[in-house]
Amino acid sequence: MLTVSVKWQKKVFESIEVDTLQPPYVFKAQLYDLSGVPPERQKIMVKGRLLKDDADWSKLGLKNGQKLMMMGTADEIVKAPEKGPVFMEDLPEEEQAANLGYSAGLVNLGNTCYMNSTMQCLKSVPELKSELSNYQSARTKDVDQTSHMLTVATRELFRELDKSVKAVAPMPFWMVLQKKYPQFAQLHNGNHMQQDAEECWTQMLYTLSQSLKPPSPSEDPDAVRALFGLNLRSSEESSETESVFSLKCHISHEVNHLHEGLKHGLKGELEKTSPALGRTAVYIKESLIDSLPRYLTVQFVRFFWKRESNQKAKILRKVDYPLELDIYDLCSEDLRKKLEAPRQKLRDIEGQKLGLQASAKSSSNGDDVKMTDAEGSSNGSGESSSGDQQGGAASHMTGIYDLVSVLTHKGRSADSGHYVSWVKQESGKWVQYDDANTSLQREEDITKLSGGGDWHMAYIVMYKARLISM
Amino acid sequence: MAPVPDPNSVGGGAKRDEATTKIPSKDSKKKDDKKEEDLSEEDLQLKQNLELYVERVQDPNPELQKIALESMRKEIRDSTSSMTSVPKPLKFLRPHYGVLKEFHAKMAESDLKKMLADILSVLALTMSAEGERESLNYRLNGSESDIGSWGHEYVRNLAGEIAKEYTIRQGEESSIEDLMDLVQQIVSFHMKHNAETEAVDLLMDVEDLDLLLEHVDNTNFRRTCNYLTSAAKYLPGPDDMLVLDIAYMIYIKFAEYPNALQIALFLDNMQYVKQVFTSCTDLVKKKQFCYMIARHGMTFELDQEMVANDEDKEALQDIVNNSKLSEGYLTLARDIEVMEAKTPEDIYKAHLLDGRASSGPSVDSARQNLSATFVNAFVNAGFGQDKLMTVPSDSTSGSAGNWLFKNKEHGKTSAVASLGMIQLWDVETGLGHLDKYFHSNDNPVVAGALLGVGIVNCGIKNDCDPAFALLSGYIDNEDSSVRIGAIMGLGIAYAGSQNDQIKIRLSPILNDANTPLDVIAFAALSLGMIYVGSCNEEVAQSIIFALMDRSEAELGEALTRFLPLGLGLLYLGKQESVEATAEVSKTFNEKIRKYCDMTLLSCAYAGTGNVLKVQDLLAQCGEHLVKGDIHQGPAVIGLAMVAMSEELGLDMEIRSLERVLQYGEQNIRRAVPLALGLLCISNPKVTVMDTLSRLSHDTDSEVAMAAIISLGLIGAGTNNARIAGMLRNLSSYYYKDASLLFCVRIAQGFVHMGKGLLTLNPFHSERLLLSPTALAGIVTLLHACLDMKSIILGKYHYVLYFLVLAMQPRMMLTVDQSLKPISVPVRVGQAVDVVGQAGRPKTITGFQTHSTPVLLAAGERAELATEKYIPLSPILEGFVILKENPDYREE
């Protein structure tokens, strides 16, 4: 009778007797008693060989006191789960895009970064997207052929962007755009020229506002105007209003902040004969905002025509802009009155959010609230009418806007350099669309695009109105 | 310079500098002429005396001659016993040198003539024209009196002239007997006067190092050997081997066995290793030898001759088999308190990246999970626990397979194999963990289990041969992924073992026409690993046939590169032995011919520092190629392999790679980061780090990937904060590019390998010894990285596990004579090169005192800070046995 020792995991079973006349299965049964590993799961290693159940002991050349090694556990055998996990790599492209949380970039077709960045900014307006998706593919009479085509191309481009993960090459759209606006097809040394993104932006909005007009000759303004348009009223003659798609932020030596620039931009100087003085005089025309848009677009007037060098020069001055913009003091008296109540409500809500402090104070503020309430009620009729005009929604403008997208320019002149757009996603994250490349950005970095160097600097910024339901 | 000779100063270690001895002499001569009247009375007296002697020497009366010569000799001897400037007697005798020479020529043979020759020999020291060797000539004609009586400078001058004379006589094939007599005298003089380096230099010049053995003694043999071993690195073959042979013999002569063993291992001379064991009688010392052999990763069987007692033999064999490595490593881990398992997220540290990475999708990405698998495996390597694979099986839904099934198809192979990595070196427990996967019906899972068995057995030998027992049954499985798992497992487990049984099983695969290419590739590689550096002809033949059988299309496959690599590994570091095979490789299909050529050349000269081969390889890199040639990649890696052996060559190589990077073509640029990674493996040099960081943003994504992997390699196991930061930033920079992100993750895993307790450096024992298996593992990974897309980013990502061959704890663990760990204070600091330095210089600088076990970073050295113990090995690395110092007294 031989005795062997068997090593199993950290244990050693000393001096186990081996009955060499019995098949090794018997030996395994012995080990089963000791280790609890069923014989069929036991792997016993003898000098680089496995012990088979029906092996012949004599051929193994076992020595007395030899050390064997056993492998095996009573563990459950691993089974693959019924339903394997789904991997991102296996998903169809659309779902991958959905998982990414933001849409794809646009391929640069040769100096088309101005177009790419403009389209990325416009695409970030969900209302515009939904209007576009409702747009009929069949052309109505009152839209000209090319405008219709551009609108359809825009719709298709937005659709494609939402579907794909990889960058989209906006070829069809680019062809139509050139057809509609031949100035974008200009060539320089055989290449397409760099263009001013602001021009593209304005033209796009103009076209869309034309084609997205309600079919019937109703009084309602078109969808684009409802979203982006704002009325300016010069203070002197209150009847004269001007409808624009964007505000200008003029940059002079005094301007350090968007707010100052806007004020500056609303002031216009014009020379005309004064009946009182009997000569030409400089009139200062000061406009005020009469109605607020859902999306407030502000263009930084960074480019001016420099006669000496015959080119569009750029003002590199740093102009800060806030993430949250309040344009209350740029509004006309009428509008301000309308805004009072929603603003108060907003303040209250924010106060509540801040918690106990605010509620403790609210009792002392009670009088103020009443007073403003009273003021608000006196203007109640006017307000409700404007509310109806805006589609009867229960939400009201507050005059406070949140930054949603920034289109930046990098370079020294309008016809060169590089345009990039920075868009805030619904998730609250900022994404930089640099043609085909997209990357996540930090919110702090967005406000750093205010100029004053050779880094990207804001050229067009878009704010979204903060609405409040009353 | 004061013209007064200082008899006390012995210019023992100072470099011989002829200029300093000759130039002042001229100066002083000019002064002499001008300002004779300025001489002090004493000097004037001396001058007149000498002039008188010169006249008397020419006197016909031999008696007078003799007196004059003797007086002259006395004057000179009094002042030449040392020499920092030209002594006065020599100065005053200068004008008479010509006269004396003439007279000597005219003299008849006599003792007096010899005496004059002696004096002329000394005078020639400053007088003879460059290259005339007059000093030597007169010496040979002289009286052969005690050579040292003329001072040290004289001896050194003679030694220089002998070297020159020797080469001339070798050219003329004339007798050198008279020279050798002189050499004898000079060597014995040098050895007695702390000038071992000069003695060795002279003997090397006259190619008779054996003489050294007669002259070394207890006081100077250490310095002598130290100089010999360091000089060997810069000598051309076969002189280097000769020099090391002498060093070995000296060590054996003085019973300095650990050093002797080191050299025996360096020479890869089993005869010598045996001799060390048979010469040494102390069992505890033999245990220390076993630790050294184990660290070298050598398969070594003790026999009756080396250890008589069976029980002792078993204990020693256990050490050689590395069976206690896991225990030691865990002791270190517990001491440093890093046992707690780390998750991949702990390594990524995404929270430091301003919320970008947290924007990760809700759906699992197979690629990302795979990288997490690797990171988890490398970081928790050897700790036996982690938070993905070894979590208790009774957790919610789906059991321990949870993480496993978050990997896709071939990803599961790597996932299961990662268990082997986590249980590294702990065979029994590891097998227990892997067992259940053997019973899976999913082929990638079984393949992973097989590979895992190989990994867990890496560097560990066991009597029961569990790896072979378990894996051999799967070598001929019908599924090729299972086959690869088994074959690669065997390659890793038996690397360097030259196991015949495995060869018998694997060789037929190579030459079987029905075997898929990937199986053949891995079989060739595994055979290369198992027979690494063996020059085994049979294996070489089978790989050569396999290569010849490949069709044109197959030769274009990425995996085919493993065939030449397997072939190359057979000759790793074996220099000329490769030539026959290299000749055969010239007949290969031209698609693979050059690749094979470069691989063979670079492997054969790996770690030799052979400058000629470096030039050969550089020349290959200089060519501008026709498209499609891929052999420049291995040439660039080869540059690093050859040059990595010593610091000087390494620094030069880093510089020349910078040039290659600038002027080379794209396929070279892709390999340069990998070469840098190999040169500085686990040794994050700041300059290299910067270069790689720059390349990691390269526009060519393959260059960037290689640079990222190399960043991981140079920081492997160091936890280097700077590299970790770089990689973190790269992870956010490349967060959208799945392939690059994968590389970044892998590199992050490397940097935190073993939570900073491991090293990949194949060099150990103070950078003297190169572990061939470790180098084989790294080189295989680098070759795989030459075609990242099809191998590591494809479905053969498990080649990353070849790195396990190079993974070693970078620790110093002290144990007592019964091998129980004991804690003693040690000083750890930057190592200082003390070769050829006079006196007893400090060997480390900028040290800190710790208590063992301690970690050693690259270029660091430890020394005991207590007199209480004596280490049994002069190299304080890995396991060191301490003996109590019998002379120690508690203060």
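The values are calculated or read from the model by the stated rules, or taken from the named source; none is laboratory data. These numbers were taken from a predicted model, which means no experiment stands behind them. Cβ coordinates were reconstructed from backbone atoms using ideal geometry, including for glycine residues, and neighbour counts include every protein chain displayed. Remember, those area values only see protein heavy atoms, side chains included, never the ligands or the DNA or RNA. Shrake-Rupley method; radii C 1.70, N 1.55, O 1.52, S 1.80 Å.
Is one or more of the residues making up the range B:409-421 within 11 Å of chain A (Cβ to nearest Cβ), within 25 Å of B:I487 (Cα to Cα), modelled with pLDDT under 85 and surrounded by fewer than 22 Cβ atoms within 10 Å (Cβ to Cβ)? Yes, some residue in the range B:409-421 is within 11 Å of chain A (Cβ to nearest Cβ), within 25 Å of B:I487 (Cα to Cα), modelled with pLDDT under 85 and surrounded by fewer than 22 Cβ atoms within 10 Å (Cβ to Cβ).
B:A366: touching a helix residue (DSSP H, G or I) at 6+ places or on another chain (Cβ under 7 Å), touching a residue at least 12 places away in the same chain (Cβ under 8 Å), within 14 Å of chain A (Cβ to nearest Cβ) and hydrophobic (A, V, I, L, M, F, W, C), yes or no? Criteria met by B:A366. If only residues of the range A:207-242 that are more than 23 Å from A:K285 (Cβ to Cβ) and surrounded by fewer than 14 Cβ atoms within 10 Å (Cβ to Cβ) are counted, the one that is modelled with the highest pLDDT is A:P214.
Condition first: under 21 Å from the mean Cα position of the chain (by Cα) and outside any loop (DSSP other than H, G, I, E, B). Now tell me which residues in the range B:784-830 satisfy that.
Applying the first criterion (under 21 Å from the mean Cα position of the chain (by Cα)) to the range B:784-830 yields B:802-812, B:828-830.
Residues satisfying the conditions are B:F802, B:L803, B:V804, B:L805, B:A806, B:Q808, B:P809, B:M811, B:M812, B:V828, B:G829, B:Q830.
Looking for something β-branched (V, I, T) and either touching a residue at least 40 places away in the same chain (Cβ under 8 Å) or not in a helix (DSSP H, G or I) (or both) - is there at least one such residue anywhere in the range B:151-159? There is no residue in the range B:151-159 that is β-branched (V, I, T) and either touching a residue at least 40 places away in the same chain (Cβ under 8 Å) or not in a helix (DSSP H, G or I) (or both).
Which strands (runs of 3 or more DSSP E) sit wholly inside the range A:351-457 and have at least 2 residues that are within 14 Å of chain B (Cβ to nearest Cβ) and at pLDDT 50 or above? It would help to see each step written out before you state the result.
On the way: elements: A:395-410, A:418-424, A:430-434, A:437-441.
In the range A:351-457, A:430-434, A:437-441 are the strands (runs of 3 or more DSSP E) which contain 2 or more residues that are within 14 Å of chain B (Cβ to nearest Cβ) and at pLDDT 50 or above.
Residue count for the range B:859-891 satisfying the condition of being under 13 Å from B:I844 (Cα atoms) and either part of a strand (DSSP E or B) or open to solvent by 30 Å² or more (accessible area, probe 1.4 Å) (or both): 7.
Against the criterion of being closer than 30 Å to B:D833 by Cα and either without any contact (Cβ under 8 Å) to a residue 12 or more places away in the chain or open to solvent by less than 40 Å² (accessible area, probe 1.4 Å) (or both), B:G649 qualifies.
When B:E165 is tested against the conditions (1) over 20 Å from B:K101 (Cβ atoms); (2) at pLDDT 80 or above; (3) of a type in the set (D, E), the lone failure is (1). If the condition is being of a type in the set (V, I, T) and either touching a Ser or Thr at 6+ places or on another chain (Cβ under 9 Å) or buried (at least 24 other Cβ atoms within 10 Å of the Cβ) (or both), then the range B:627-646 contributes B:V636, B:I637, B:V642. Of all residues in the range B:744-764, those that are within 15 Å of B:S731 (Cα to Cα) and aromatic (F, W, Y) have Cβ atoms under 7 Å from Cβ atoms of residues that are part of a helix (DSSP H, G or I) and open to solvent by less than 10 Å² (accessible area, probe 1.4 Å), 6 or more apart or on another chain, in B:F750/B:F378; B:F750/B:G712; B:F750/B:L713.
Taking (1) part of a loop (DSSP other than H, G, I, E, B); (2) touching a residue at least 24 places away in the same chain (Cβ under 8 Å); (3) surrounded by fewer than 21 Cβ atoms within 10 Å (Cβ to Cβ) in turn, B:N322 satisfies each apart from (3).
From the list B:S732, B:S693, B:S710, exactly one residue is among the small types (G, A, S) and either at pLDDT below 90 or not in a helix (DSSP H, G or I) (or both). Which is it? Show your work before the answer.
Details: B:S693 fails: either at pLDDT below 90 or not in a helix (DSSP H, G or I) (or both); B:S710 fails: either at pLDDT below 90 or not in a helix (DSSP H, G or I) (or both).
After ruling out the rest, the residue left standing is B:S732.
The strands (runs of 3 or more DSSP E) falling completely within the range A:241-330 that include 3 or more residues that are not β-branched (V, I, T) map to A:247-249, A:267-273, A:280-291, A:295-300, A:303-306, A:311-314, A:324-326. Step by step: first the residues of the range B:269-294, then only those that are of a type in the set (D, E, K, R) and modelled with pLDDT of 90 or more, then the one that is nearest to B:M529 (Cα to Cα). Which residue is that? So, considering only residues that are of a type in the set (D, E, K, R) and modelled with pLDDT of 90 or more, the one nearest to B:M529 (Cα to Cα) is B:K274.
When B:L727, B:L757, B:L695, B:L740 are checked against the criterion of being within 14 Å of chain A (Cβ to nearest Cβ) and open to solvent by less than 10 Å² (accessible area, probe 1.4 Å), B:L740 stands alone in meeting it.
The single condition from (1) buried (at least 17 other Cβ atoms within 10 Å of the Cβ); (2) touching a Gly at 6+ places or on another chain (Cβ under 8 Å) that B:K164 fails is (1).
On the basis of being surrounded by 13 or more Cβ atoms within 10 Å (Cβ to Cβ), touching a residue at least 12 places away in the same chain (Cβ under 8 Å), away from every other protein chain (no Cβ under 14 Å) and assigned to a helix (DSSP H, G or I), does A:Y25 make the cut? Here the answer is yes, as A:Y25 does meet what is asked. State which residue is nearest to the other protein chains (Cβ to nearest Cβ) when the search covers only the range B:466-484 and only residues that are closer than 19 Å to A:G72 by Cβ and in contact with a Phe, Trp or Tyr (Cβ under 9 Å, 6 or more places away or on another chain). My answer is B:F468.
Restricting attention to the range B:171-181, the residues that are in a helix (DSSP H, G or I) and either closer than 15 Å to B:E207 by Cβ or within 33 Å of the chain's Cα centre (by Cα) (or both) total 4.
How many of the residues in the range A:80-90 are more than 7 Å from chain B (Cβ to nearest Cβ) and either at pLDDT 70 or above or surrounded by 16 or more Cβ atoms within 10 Å (Cβ to Cβ) (or both)? So that I can check it myself, show each step before the final result.
From the range A:80-90, those more than 7 Å from chain B (Cβ to nearest Cβ) are A:82-83, A:90; that's our starting set.
If we keep only those that are either at pLDDT 70 or above or surrounded by 16 or more Cβ atoms within 10 Å (Cβ to Cβ) (or both) as well, we get A:90.
Summing the residues that are more than 7 Å from chain B (Cβ to nearest Cβ) and either at pLDDT 70 or above or surrounded by 16 or more Cβ atoms within 10 Å (Cβ to Cβ) (or both) in the range A:80-90 gives 1.
Scan the range A:46-78 for residues that are more than 7 Å from chain B (Cβ to nearest Cβ), over 21 Å from A:Q22 (Cβ atoms) and open to solvent by 80 Å² or more (accessible area, probe 1.4 Å) and the total you get is 0.
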